[in-house]
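Here you go, one structure.
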Amino acid sequence: MASSGPLLLDRAPLPGRIGDLPFQRPLSENALAQLLEVPARKRSRLADLSASLHCSIVGTCLSTAELRQIVLKARGADLRHLSDHEIHGEGVLLAGRHDGAGKLLNKALDKRHQATLNRFARAETAPAVAALWDEAKRAGEIPGAYWAVLSHPASTDALIKTVFADVHMLSHLVGAANRADIRRLTDLEAENTALALKLEKSQLHLQAATATIRQLQGALAAAMARTEETQSDTSDAALTAELATLRRLTGELETRLQAETVHRLRAEEKAEQARNMRVEAETVARAAETQHAALAAELAALERQSSDGQAEDGQTAETSVEPMLPAIATLLYVGGRPSQVQRLRAFAEQSGIELLHHDGGIEDRTGLLAGLISRADAACFPVDCVSHEAVGTVKRLCRHAGKPYLPLRSHGLGSLIVGLGRFTVPSTATMKS
(Lines give C-alpha, C1' and ligand atoms only; values in the text may rest on other atoms or scores of the structure.)
Protein backbone atom coordinates (compact mmCIF):
# COMPACT_ATOMS: atom_id res chain seq x y z
CA MET A 1 0.00 0.00 0.00
CA ALA A 2 1.41 3.44 -0.87
CA SER A 3 2.58 5.45 2.13
CA SER A 4 0.33 8.38 3.05
CA GLY A 5 2.44 9.79 5.89
CA PRO A 6 5.69 9.43 7.80
CA LEU A 7 4.29 6.79 10.16
CA LEU A 8 2.85 4.37 7.60
CA LEU A 9 4.17 0.85 7.22
CA ASP A 10 5.86 -0.07 3.98
CA ARG A 11 3.50 -2.87 2.93
CA ALA A 12 4.62 -5.39 0.35
CA PRO A 13 2.73 -5.03 -2.98
CA LEU A 14 -0.20 -7.33 -3.59
CA PRO A 15 0.56 -10.29 -5.85
CA GLY A 16 -0.36 -9.74 -9.46
CA ARG A 17 -2.05 -6.66 -10.80
CA ILE A 18 -5.51 -5.36 -10.15
CA GLY A 19 -6.35 -5.87 -13.81
CA ASP A 20 -5.37 -9.55 -13.60
CA LEU A 21 -7.99 -10.37 -10.95
CA PRO A 22 -10.90 -12.45 -12.28
CA PHE A 23 -13.64 -9.84 -11.76
CA GLN A 24 -16.50 -9.76 -14.23
CA ARG A 25 -17.05 -5.99 -13.76
CA PRO A 26 -14.85 -3.09 -12.63
CA LEU A 27 -14.18 -2.79 -8.89
CA SER A 28 -16.11 -0.14 -6.97
CA GLU A 29 -14.15 2.41 -4.92
CA ASN A 30 -15.23 0.75 -1.63
CA ALA A 31 -14.21 -2.73 -2.81
CA LEU A 32 -10.85 -1.43 -4.00
CA ALA A 33 -10.25 0.33 -0.66
CA GLN A 34 -11.07 -2.86 1.27
CA LEU A 35 -8.74 -4.85 -1.00
CA LEU A 36 -5.85 -2.44 -0.42
CA GLU A 37 -6.37 -2.49 3.38
CA VAL A 38 -5.70 -6.26 3.66
CA PRO A 39 -2.94 -6.54 6.30
CA ALA A 40 0.24 -8.54 5.87
CA ARG A 41 0.21 -12.13 7.02
CA LYS A 42 3.52 -11.93 8.88
CA ARG A 43 4.84 -9.56 11.52
CA SER A 44 6.74 -6.60 10.14
CA ARG A 45 10.48 -6.48 10.67
CA LEU A 46 12.12 -3.38 12.13
CA ALA A 47 13.79 -2.39 8.86
CA ASP A 48 10.44 -2.61 7.02
CA LEU A 49 8.84 0.00 9.26
CA SER A 50 8.95 3.71 8.46
CA ALA A 51 12.25 5.34 9.45
CA SER A 52 10.29 7.90 11.48
CA LEU A 53 9.38 5.11 13.95
CA HIS A 54 12.91 3.83 14.53
CA CYS A 55 13.91 6.48 17.06
CA SER A 56 10.90 5.87 19.33
CA ILE A 57 11.25 2.07 19.08
CA VAL A 58 14.95 2.05 19.99
CA GLY A 59 14.46 4.56 22.81
CA THR A 60 11.32 2.97 24.28
CA CYS A 61 11.72 -0.78 23.80
CA LEU A 62 15.39 -1.31 24.74
CA SER A 63 17.46 -0.10 27.67
CA THR A 64 20.70 1.80 27.08
CA ALA A 65 22.78 -1.13 28.40
CA GLU A 66 21.07 -3.59 26.03
CA LEU A 67 21.46 -1.22 23.09
CA ARG A 68 25.15 -0.72 23.87
CA GLN A 69 25.72 -4.50 23.73
CA ILE A 70 23.92 -4.74 20.38
CA VAL A 71 25.85 -1.84 18.85
CA LEU A 72 29.10 -3.32 20.17
CA LYS A 73 28.38 -6.61 18.37
CA ALA A 74 27.38 -4.81 15.19
CA ARG A 75 30.41 -2.53 15.08
CA GLY A 76 32.98 -4.75 16.79
CA ALA A 77 34.69 -1.77 18.39
CA ASP A 78 35.14 -0.26 21.85
CA LEU A 79 32.17 2.03 22.55
CA ARG A 80 33.06 3.25 26.04
CA HIS A 81 33.91 6.71 24.67
CA LEU A 82 30.39 7.11 23.22
CA SER A 83 27.66 8.82 25.25
CA ASP A 84 24.20 7.31 25.75
CA HIS A 85 22.82 9.73 23.14
CA GLU A 86 25.45 8.64 20.60
CA ILE A 87 24.68 4.98 21.33
CA HIS A 88 21.00 5.75 20.72
CA GLY A 89 21.90 7.33 17.37
CA GLU A 90 23.89 4.25 16.36
CA GLY A 91 20.90 2.07 17.25
CA VAL A 92 18.55 4.17 15.11
CA LEU A 93 20.92 3.79 12.17
CA LEU A 94 21.01 -0.01 12.66
CA ALA A 95 17.20 -0.12 12.73
CA GLY A 96 16.97 0.84 9.06
CA ARG A 97 19.46 -1.74 7.81
CA HIS A 98 18.45 -5.05 6.22
CA ASP A 99 21.82 -6.72 6.89
CA GLY A 100 23.00 -8.80 9.81
CA ALA A 101 23.30 -5.81 12.14
CA GLY A 102 19.67 -4.83 11.55
CA LYS A 103 18.55 -8.43 12.05
CA LEU A 104 20.52 -8.54 15.32
CA LEU A 105 18.59 -5.52 16.61
CA ASN A 106 15.25 -7.02 15.44
CA LYS A 107 16.10 -10.32 17.16
CA ALA A 108 16.93 -8.51 20.42
CA LEU A 109 13.54 -6.76 20.39
CA ASP A 110 11.68 -10.03 19.75
CA LYS A 111 13.60 -11.85 22.46
CA ARG A 112 13.18 -9.12 25.07
CA HIS A 113 9.41 -8.84 24.54
CA GLN A 114 8.54 -12.42 23.53
CA ALA A 115 5.83 -12.83 26.17
CA THR A 116 4.04 -9.65 25.07
CA LEU A 117 4.39 -10.62 21.39
CA ASN A 118 2.78 -13.98 22.14
CA ARG A 119 -0.13 -12.27 23.88
CA PHE A 120 -0.68 -9.83 21.00
CA ALA A 121 -0.39 -12.65 18.45
CA ARG A 122 -3.80 -13.93 19.54
CA ALA A 123 -5.39 -10.72 18.21
CA GLU A 124 -6.52 -11.07 14.61
CA THR A 125 -8.00 -7.63 13.94
CA ALA A 126 -6.93 -4.03 14.41
CA PRO A 127 -9.64 -3.36 17.08
CA ALA A 128 -8.40 -6.37 19.06
CA VAL A 129 -4.81 -5.09 18.87
CA ALA A 130 -6.00 -1.62 19.94
CA ALA A 131 -7.81 -3.11 22.95
CA LEU A 132 -4.65 -4.91 24.06
CA TRP A 133 -2.68 -1.67 23.66
CA ASP A 134 -5.18 0.23 25.85
CA GLU A 135 -4.92 -2.47 28.52
CA ALA A 136 -1.11 -2.37 28.46
CA LYS A 137 -1.11 1.43 28.62
CA ARG A 138 -3.32 1.43 31.72
CA ALA A 139 -1.00 -1.09 33.38
CA GLY A 140 2.10 0.94 32.47
CA GLU A 141 3.53 -1.90 30.32
CA ILE A 142 4.55 0.29 27.40
CA PRO A 143 7.86 -1.08 25.89
CA GLY A 144 6.75 -4.57 24.89
CA ALA A 145 3.25 -3.51 23.84
CA TYR A 146 4.66 -0.72 21.66
CA TRP A 147 6.88 -3.12 19.70
CA ALA A 148 4.05 -5.68 19.48
CA VAL A 149 1.61 -3.16 17.97
CA LEU A 150 4.06 -1.67 15.45
CA SER A 151 5.12 -5.10 14.17
CA HIS A 152 1.66 -6.76 14.30
CA PRO A 153 0.31 -7.85 10.90
CA ALA A 154 -3.19 -6.59 11.72
CA SER A 155 -2.08 -3.08 12.70
CA THR A 156 -3.35 -0.39 10.37
CA ASP A 157 -1.71 2.93 9.62
CA ALA A 158 -4.32 4.73 11.73
CA LEU A 159 -3.62 2.48 14.74
CA ILE A 160 0.15 2.93 14.35
CA LYS A 161 -0.28 6.70 14.28
CA THR A 162 -2.43 6.57 17.43
CA VAL A 163 0.06 4.38 19.33
CA PHE A 164 3.00 6.53 18.21
CA ALA A 165 1.15 9.64 19.44
CA ASP A 166 0.44 7.97 22.82
CA VAL A 167 4.13 7.13 23.38
CA HIS A 168 5.20 10.57 22.17
CA MET A 169 2.88 12.32 24.65
CA LEU A 170 3.87 9.98 27.49
CA SER A 171 7.50 11.05 27.04
CA HIS A 172 6.41 14.69 27.21
CA LEU A 173 4.37 14.09 30.37
CA VAL A 174 7.24 12.31 32.16
CA GLY A 175 9.74 14.98 31.15
CA ALA A 176 7.41 17.83 32.11
CA ALA A 177 6.71 16.31 35.53
CA ASN A 178 10.41 15.88 36.27
CA ARG A 179 11.24 19.38 35.04
CA ALA A 180 8.44 20.90 37.13
CA ASP A 181 9.64 19.17 40.31
CA ILE A 182 13.25 20.22 39.70
CA ARG A 183 12.27 23.80 38.85
CA ARG A 184 10.08 24.10 41.94
CA LEU A 185 12.84 22.74 44.20
CA THR A 186 15.40 25.12 42.64
CA ASP A 187 13.10 28.13 43.12
CA LEU A 188 12.47 27.20 46.74
CA GLU A 189 16.19 26.81 47.41
CA ALA A 190 16.88 30.25 45.89
CA GLU A 191 14.06 31.83 47.89
CA ASN A 192 15.27 30.17 51.08
CA THR A 193 18.81 31.48 50.51
CA ALA A 194 17.55 35.04 49.89
CA LEU A 195 15.39 34.95 53.03
CA ALA A 196 18.30 33.62 55.09
CA LEU A 197 20.50 36.52 53.92
CA LYS A 198 17.73 39.02 54.63
CA LEU A 199 17.22 37.55 58.10
CA GLU A 200 20.95 37.75 58.81
CA LYS A 201 21.02 41.45 57.83
CA SER A 202 17.99 42.15 60.03
CA GLN A 203 19.67 40.45 62.97
CA LEU A 204 22.83 42.54 62.47
CA HIS A 205 20.77 45.74 62.33
CA LEU A 206 18.89 44.70 65.45
CA GLN A 207 22.10 43.97 67.33
CA ALA A 208 23.57 47.35 66.32
CA ALA A 209 20.39 49.21 67.37
CA THR A 210 20.31 47.39 70.70
CA ALA A 211 23.95 48.29 71.40
CA THR A 212 23.29 51.96 70.55
CA ILE A 213 20.25 52.11 72.82
CA ARG A 214 22.25 50.65 75.68
CA GLN A 215 24.95 53.24 75.15
CA LEU A 216 22.39 56.08 75.15
CA GLN A 217 20.66 54.68 78.21
CA GLY A 218 24.03 54.65 79.97
CA ALA A 219 24.72 58.22 78.87
CA LEU A 220 21.26 59.31 80.09
CA ALA A 221 21.81 57.68 83.47
CA ALA A 222 25.20 59.37 83.77
CA ALA A 223 23.70 62.73 82.84
CA MET A 224 20.98 62.37 85.44
CA ALA A 225 23.59 61.46 88.04
CA ARG A 226 25.64 64.50 87.10
CA THR A 227 22.51 66.67 87.52
CA GLU A 228 22.23 65.65 91.15
CA GLU A 229 25.93 66.50 91.77
CA THR A 230 26.05 69.69 89.67
CA GLN A 231 27.72 72.79 91.06
CA SER A 232 25.88 75.99 91.64
CA ASP A 233 27.51 77.62 88.60
CA THR A 234 26.07 75.02 86.24
CA SER A 235 23.25 76.28 84.05
CA ASP A 236 19.90 74.51 84.69
CA ALA A 237 18.80 75.36 81.13
CA ALA A 238 21.83 73.56 79.58
CA LEU A 239 21.21 70.45 81.65
CA THR A 240 17.53 70.42 80.75
CA ALA A 241 18.33 70.72 77.03
CA GLU A 242 20.88 67.87 77.24
CA LEU A 243 18.42 65.62 79.01
CA ALA A 244 15.67 66.39 76.45
CA THR A 245 18.03 65.57 73.57
CA LEU A 246 19.01 62.28 75.15
CA ARG A 247 15.37 61.36 75.77
CA ARG A 248 14.45 62.18 72.16
CA LEU A 249 17.30 60.07 70.77
CA THR A 250 16.38 57.23 73.09
CA GLY A 251 12.75 57.34 71.96
CA GLU A 252 13.71 57.35 68.29
CA LEU A 253 16.02 54.39 68.77
CA GLU A 254 13.37 52.48 70.71
CA THR A 255 10.94 53.09 67.84
CA ARG A 256 13.54 51.81 65.37
CA LEU A 257 14.17 48.84 67.62
CA GLN A 258 10.47 47.96 67.67
CA ALA A 259 10.28 48.27 63.86
CA GLU A 260 13.37 46.07 63.41
CA THR A 261 11.89 43.54 65.83
CA VAL A 262 8.66 43.34 63.81
CA HIS A 263 10.67 43.11 60.57
CA ARG A 264 12.81 40.32 62.03
CA LEU A 265 9.76 38.38 63.18
CA ARG A 266 8.22 38.65 59.72
CA ALA A 267 11.48 37.57 58.09
CA GLU A 268 11.71 34.57 60.43
CA GLU A 269 8.11 33.63 59.61
CA LYS A 270 8.80 33.81 55.85
CA ALA A 271 11.99 31.80 56.29
CA GLU A 272 10.07 29.14 58.23
CA GLN A 273 7.43 29.00 55.49
CA ALA A 274 10.16 28.65 52.87
CA ARG A 275 11.77 25.84 54.87
CA ASN A 276 8.43 24.04 55.15
CA MET A 277 7.78 24.42 51.40
CA ARG A 278 11.26 23.12 50.68
CA VAL A 279 10.72 20.10 52.91
CA GLU A 280 7.40 19.47 51.15
CA ALA A 281 9.05 19.74 47.72
CA GLU A 282 11.85 17.39 48.78
CA THR A 283 9.23 14.94 50.07
CA VAL A 284 7.41 15.08 46.72
CA ALA A 285 10.71 14.62 44.88
CA ARG A 286 11.64 11.62 47.05
CA ALA A 287 8.20 10.12 46.48
CA ALA A 288 8.65 10.59 42.72
CA GLU A 289 12.10 8.97 42.91
CA THR A 290 10.67 6.08 44.94
CA GLN A 291 7.86 5.59 42.42
CA HIS A 292 10.35 5.78 39.56
CA ALA A 293 12.56 3.17 41.24
CA ALA A 294 9.52 0.92 41.84
CA LEU A 295 8.43 1.25 38.21
CA ALA A 296 11.97 0.57 37.02
CA ALA A 297 12.18 -2.53 39.23
CA GLU A 298 8.82 -3.79 37.93
CA LEU A 299 9.85 -3.16 34.32
CA ALA A 300 13.15 -4.98 34.88
CA ALA A 301 11.29 -7.87 36.51
CA LEU A 302 8.87 -8.08 33.58
CA GLU A 303 11.74 -8.04 31.10
CA ARG A 304 13.63 -10.74 33.01
CA GLN A 305 10.49 -12.86 33.20
CA SER A 306 9.88 -12.49 29.47
CA SER A 307 13.43 -13.46 28.51
CA ASP A 308 15.02 -16.89 28.77
CA GLY A 309 17.26 -15.77 31.64
CA GLN A 310 20.44 -15.79 29.55
CA ALA A 311 22.15 -12.80 27.94
CA GLU A 312 23.81 -12.90 24.53
CA ASP A 313 27.10 -14.87 24.25
CA GLY A 314 26.07 -17.16 27.11
CA GLN A 315 26.46 -14.49 29.80
CA THR A 316 23.99 -14.62 32.69
CA ALA A 317 21.39 -11.86 32.58
CA GLU A 318 21.39 -9.22 35.31
CA THR A 319 19.46 -10.40 38.37
CA SER A 320 18.03 -8.74 41.46
CA VAL A 321 19.67 -9.02 44.88
CA GLU A 322 16.48 -10.61 46.22
CA PRO A 323 15.37 -14.02 44.90
CA MET A 324 13.00 -13.76 41.92
CA LEU A 325 10.76 -16.62 43.01
CA PRO A 326 10.64 -17.65 46.68
CA ALA A 327 9.67 -21.10 47.91
CA ILE A 328 5.92 -20.48 48.00
CA ALA A 329 3.71 -23.27 46.75
CA THR A 330 0.32 -21.52 47.11
CA LEU A 331 -0.28 -17.75 47.04
CA LEU A 332 -3.54 -15.91 47.79
CA TYR A 333 -4.09 -12.75 45.72
CA VAL A 334 -6.83 -10.48 47.11
CA GLY A 335 -8.30 -7.65 44.99
CA GLY A 336 -7.00 -6.51 41.59
CA ARG A 337 -8.83 -6.25 38.28
CA PRO A 338 -10.73 -9.27 36.96
CA SER A 339 -9.16 -8.80 33.51
CA GLN A 340 -5.67 -9.22 35.02
CA VAL A 341 -6.31 -12.31 37.13
CA GLN A 342 -5.90 -14.83 34.30
CA ARG A 343 -2.56 -13.32 33.35
CA LEU A 344 -1.32 -13.39 36.96
CA ARG A 345 -2.44 -16.99 37.32
CA ALA A 346 -0.64 -17.97 34.10
CA PHE A 347 2.60 -16.43 35.39
CA ALA A 348 2.22 -18.18 38.74
CA GLU A 349 1.63 -21.55 37.06
CA GLN A 350 4.77 -21.09 34.94
CA SER A 351 6.67 -20.45 38.17
CA GLY A 352 5.27 -23.53 39.90
CA ILE A 353 2.95 -21.54 42.19
CA GLU A 354 -0.77 -22.14 42.64
CA LEU A 355 -2.54 -18.76 42.65
CA LEU A 356 -5.77 -18.45 44.64
CA HIS A 357 -7.86 -15.31 44.04
CA HIS A 358 -10.47 -13.40 46.00
CA ASP A 359 -11.90 -10.15 44.60
CA GLY A 360 -11.95 -8.47 48.03
CA GLY A 361 -15.69 -8.65 48.58
CA ILE A 362 -17.12 -7.29 45.32
CA GLU A 363 -18.75 -10.56 44.32
CA ASP A 364 -16.95 -13.08 46.54
CA ARG A 365 -18.06 -13.18 50.17
CA THR A 366 -15.43 -11.95 52.65
CA GLY A 367 -16.23 -15.00 54.76
CA LEU A 368 -14.35 -17.10 52.20
CA LEU A 369 -11.03 -15.39 53.05
CA ALA A 370 -10.43 -17.49 56.17
CA GLY A 371 -10.59 -20.74 54.21
CA LEU A 372 -8.41 -19.39 51.38
CA ILE A 373 -5.72 -18.13 53.80
CA SER A 374 -5.66 -21.52 55.53
CA ARG A 375 -4.86 -23.12 52.12
CA ALA A 376 -2.23 -20.55 51.09
CA ASP A 377 1.40 -20.17 52.21
CA ALA A 378 1.23 -16.38 51.92
CA ALA A 379 -1.12 -13.58 50.84
CA CYS A 380 -0.73 -10.33 48.90
CA PHE A 381 -2.97 -7.50 47.69
CA PRO A 382 -2.52 -4.48 45.37
CA VAL A 383 -3.05 -1.31 47.38
CA ASP A 384 -4.45 0.57 44.36
CA CYS A 385 -7.28 -1.90 43.71
CA VAL A 386 -8.63 -3.39 46.96
CA SER A 387 -11.02 -2.21 49.69
CA HIS A 388 -9.81 -1.15 53.17
CA GLU A 389 -12.12 -3.73 54.72
CA ALA A 390 -10.56 -6.57 52.72
CA VAL A 391 -7.04 -5.38 53.62
CA GLY A 392 -7.88 -5.33 57.34
CA THR A 393 -9.40 -8.81 57.15
CA VAL A 394 -6.38 -10.26 55.30
CA LYS A 395 -3.91 -8.77 57.80
CA ARG A 396 -5.88 -10.03 60.80
CA LEU A 397 -6.33 -13.56 59.43
CA CYS A 398 -2.68 -13.81 58.35
CA ARG A 399 -1.47 -12.75 61.81
CA HIS A 400 -3.71 -15.33 63.46
CA ALA A 401 -2.53 -18.04 61.03
CA GLY A 402 1.14 -17.05 61.35
CA LYS A 403 1.49 -16.45 57.62
CA PRO A 404 3.16 -13.53 55.84
CA TYR A 405 1.31 -10.96 53.75
CA LEU A 406 2.58 -8.24 51.45
CA PRO A 407 1.01 -5.06 50.00
CA LEU A 408 1.79 -4.61 46.27
CA ARG A 409 2.26 -1.18 44.68
CA SER A 410 -0.23 -1.82 41.88
CA HIS A 411 -2.32 -4.53 40.25
CA GLY A 412 0.14 -5.05 37.37
CA LEU A 413 2.18 -8.19 36.80
CA GLY A 414 5.44 -6.32 37.45
CA SER A 415 4.38 -5.47 41.02
CA LEU A 416 3.56 -9.14 41.68
CA ILE A 417 6.96 -10.31 40.39
CA VAL A 418 8.84 -7.73 42.47
CA GLY A 419 6.68 -8.48 45.51
CA LEU A 420 7.36 -12.21 45.32
CA GLY A 421 11.05 -11.46 45.64
CA ARG A 422 10.41 -9.98 49.11
CA PHE A 423 8.79 -13.10 50.54
CA THR A 424 10.75 -15.72 52.52
CA VAL A 425 10.06 -19.40 53.05
CA PRO A 426 6.79 -19.66 55.04
CA SER A 427 8.38 -21.56 57.94
CA THR A 428 10.88 -18.77 58.61
CA ALA A 429 8.70 -15.80 57.61
CA THR A 430 8.89 -12.69 59.73
CA MET A 431 5.45 -11.31 60.44
CA LYS A 432 4.63 -7.70 59.70
CA SER A 433 3.65 -5.61 62.70
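The values are calculated or read from the model by the stated rules, or taken from the named source; none is laboratory data. Please read these numbers as outputs of a predicted model, since none were measured by experiment. Don't worry about glycine lacking a Cβ; one is built from the backbone with ideal geometry, like all the others, and counts go over all protein chains shown.
Yes/no matrix, rows are residues, columns are (1) of a type in the set (D, E, K, R); (2) modelled with pLDDT of 90 or more; (3) closer than 13 Å to residue 60 by Cα:
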| residue | (1), (2), (3) |
| --- | --- |
| 131 | no, yes, no |
| 134 | yes, yes, no |
| 140 | no, no, yes |
| 170 | no, no, yes |
| 173 | no, no, no |
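Does segment 329-375 hold any residues that are modelled with pLDDT of 90 or more, of a type in the set (Ser, Thr, Tyr) and surrounded by 14 or more Cβ atoms within 10 Å (Cβ to Cβ), and which are they?
Of everything in segment 329-375, those that are modelled with pLDDT of 90 or more, of a type in the set (Ser, Thr, Tyr) and surrounded by 14 or more Cβ atoms within 10 Å (Cβ to Cβ) turn out to be 330, 333.
Right, another one. Here is a list of conditions, (1) loosely packed, with under 15 Cβ neighbours inside 10 Å; (2) at pLDDT below 85, and residue 262 meets all of them except one; can you say which number that is?
Unmet condition: (2).
Restricting attention to segment 345-356, which residues are touching a strand residue (DSSP E or B) at 6+ places or on another chain (Cβ under 6 Å) and under 25 Å from residue 133 (Cα atoms)?
345, 348
Name every residue in segment 142-172 that is out of contact with any helix residue (DSSP H, G or I) (no Cβ under 9 Å at 6 or more places or on another chain) and among the charged types (D, E, K, R), in order of residue number.
157, 161
Considering only segment 376-404, state which residues are under 20 Å from residue 417 (Cα atoms), surrounded by fewer than 17 Cβ atoms within 10 Å (Cβ to Cβ) and either charged (D, E, K, R) or outside the structural domain of residue 419 (by TED's automatic domain parsing) (or both).
Scanning segment 376-404 gives a single hit, 384.
Can we say residue 149 is modelled with pLDDT of 90 or more, crowded, with 16+ Cβ neighbours inside 10 Å, of a type in the set (Val, Ile, Thr) and not in a loop (DSSP other than H, G, I, E, B)?
yes
I'm trying to understand the selection: among the residues of segment 83-102, which are in contact (Cβ under 8 Å) with a residue 12 or more places away in the chain, surrounded by 13 or more Cβ atoms within 10 Å (Cβ to Cβ) and out of contact with any Leu (no Cβ under 6 Å at 6 or more places or on another chain)?
Scanning segment 83-102 gives 88, 90, 92, 96, 97.
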